[in-house]
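The values are calculated or read from the model by the stated rules, or taken from the named source; none is laboratory data. Just so you know, these numbers come straight off a predicted model, no measurement behind them. When we count neighbours, we look across all protein chains shown, and the Cβ atoms used for this are built from the backbone with ideal geometry, even at glycine. Keep in mind that these areas ignore ligands, DNA and RNA; they rest on the heavy atoms of the full protein, side chains included. Shrake-Rupley method; radii C 1.70, N 1.55, O 1.52, S 1.80 Å.
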Amino acid sequence: MSNTDAESKERRLRIMLVIERFDPAAGGLEAWTAGLARYLLEQGHEVHVAATSFAAPGIAVVPLRIARSDLPSGLAHNIERALAGAAVDVVHDVGYGWSADLFQPQVGSRVINLERDLRSRPRRARWRMLASPAFRRWRRDLALTERRQLTLAKRIVAVSETVRRDLAMRYDIAPREILVIRNGIDVARFSPALRERYREEARAALGIGHEVLFLAAAHNFQLKGLDTILNALAGLGPDHQARLVVAGNGAIAEYSAKARQLGVGHRVTFAGQVDSMPRLYAAADAFVHPTFHDACSLATLEALACGLPVITTRVNGAADGMQSAREGYVLEAPGNAEAVRAAMIALMAAEQRRACGVHARQLALANSFTANCAAIAAVYADIAAARRKTG
């Protein structure tokens, strides 16, 4: 065997990715994990995936099925049992198990997410949830599970500075012990060139003329601030020719009724589940995402990569590196319809949209998906090297 072949074999790692569902069509975390698996396979690594379900036949991973559980600790326990004796070099868990070499909670702290989700709900709905014994049990179990995950993990990776701050403060972890590797996006698939190519066709399909089109994307409409957007849109008045398209399978009937009650039903289109988001980005003039929490919204990153100005909140990890009036507008707190409306009015000006769009694309290029995966692979190499030294 030549030296080159020996080095190549040594660099080839057996990697176990741990996720609840392995299904790229689900978007978000699932799509990101599937993309990482493809990257690792292209680099010559052997990729195993532990999940409760699989729907990615085109990706040549080694599947390991995990039993489902209604409680976070139950799922973590099932993962632990399934991984016992697994012949792999690195276990990379994106947020569900107990004993990972690399623990990367892609959605951030689920405990903090839950608290922010509760705050986004109307008071009566919040009280009903808090009064439920089943919910209280699940909440306690989640808190204990997350603390154990972070205590046992050999390396902790946060997807944004926002997540690092949250984890460090909640669990009294020194920030230097948490590595930040920002999520990335496919900057070739999501690009200004693609917007140019499909723009007229995409806008015609939506019945959009010269109006400024704001795009929102979410499944949990409440958490992602759709109430705030609708209230902001209602405050624009007839002088501002703006439209809103909402992508995602959220509570469409409920929010359609809200839009009508606010007098903006004719200006809002609910697109439901969208198979080709690039075409919606092509139709849009700006992306609006005033979320109550997002570890690092992939839809926000996609919009930036397409050269769309973005309106979002500081609690969206994807806003790391953004400055108000540069890539769009970053609001200090969610739920502020007046601040969203002011940002929308600023982006009604074509010159401001163009300037913000240029900066948005530049920020996305600095955080490409390839760079994201390469940074994670470098951590794998460090883990494997340390294991060889101690083994």
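Structure data summary
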quantity: Residue 362 vs. criteria part of a helix (DSSP H, G or I), more than 30 Å from residue 89 (Cβ to Cβ), without any contact (Cβ under 8 Å) to a residue 60 or more places away in the chain and touching a helix residue (DSSP H, G or I) at 6+ places or on another chain (Cβ under 7 Å); calculated: no
quantity: Neighbours by Cβ (under 6 Å, 6+ apart or cross-chain): first from segment 207-232, farther than 20 Å from residue 348 by Cβ; second assigned to a helix (DSSP H, G or I) and among the polar types (S, T, N, Q); calculated: 222/120; 223/120
quantity: Residue within segment 320-332 that is under 17 Å from the mean Cα position of the chain (by Cα), in a loop (DSSP other than H, G, I, E, B), crowded, with 21+ Cβ neighbours inside 10 Å and without any contact (Cβ under 8 Å) to a residue 24 or more places away in the chain present; calculated: no
quantity: Residue 165 open to solvent by 70 Å² or more (accessible area, probe 1.4 Å) and either within 22 Å of the chain's Cα centre (by Cα) or at pLDDT below 95 (or both); calculated: yes
quantity: Matching entry among 157, 107 (being of a type in the set (A, V, I, L, M, F, W, C), farther than 25 Å from residue 250 by Cα and not in a helix (DSSP H, G or I)); calculated: 157
quantity: Among residues of segment 90-119, those that are open to solvent by 20 Å² or more (accessible area, probe 1.4 Å), touching an Asp or Glu at 6+ places or on another chain (Cβ under 8 Å) and of a type in the set (S, T, N, Q), counted; calculated: 1
quantity: Of all residues making up segment 66-85, the number that are open to solvent by 50 Å² or more (accessible area, probe 1.4 Å) and within 26 Å of residue 137 (Cα to Cα); calculated: 6
quantity: Any hit, segment 221-231, residues being open to solvent by less than 20 Å² (accessible area, probe 1.4 Å) and of a type outside the set (A, V, I, L, M, F, W, C); calculated: yes
quantity: Some residue of segment 331-339 being touching a strand residue (DSSP E or B) at 6+ places or on another chain (Cβ under 7 Å), aliphatic (A, V, I, L, M) and more than 22 Å from residue 166 (Cα to Cα); calculated: yes
quantity: Flag if residue 290 is touching a residue at least 40 places away in the same chain (Cβ under 8 Å), closer than 29 Å to residue 34 by Cβ, open to solvent by 20 Å² or more (accessible area, probe 1.4 Å) and not basic (Lys, Arg); calculated: no
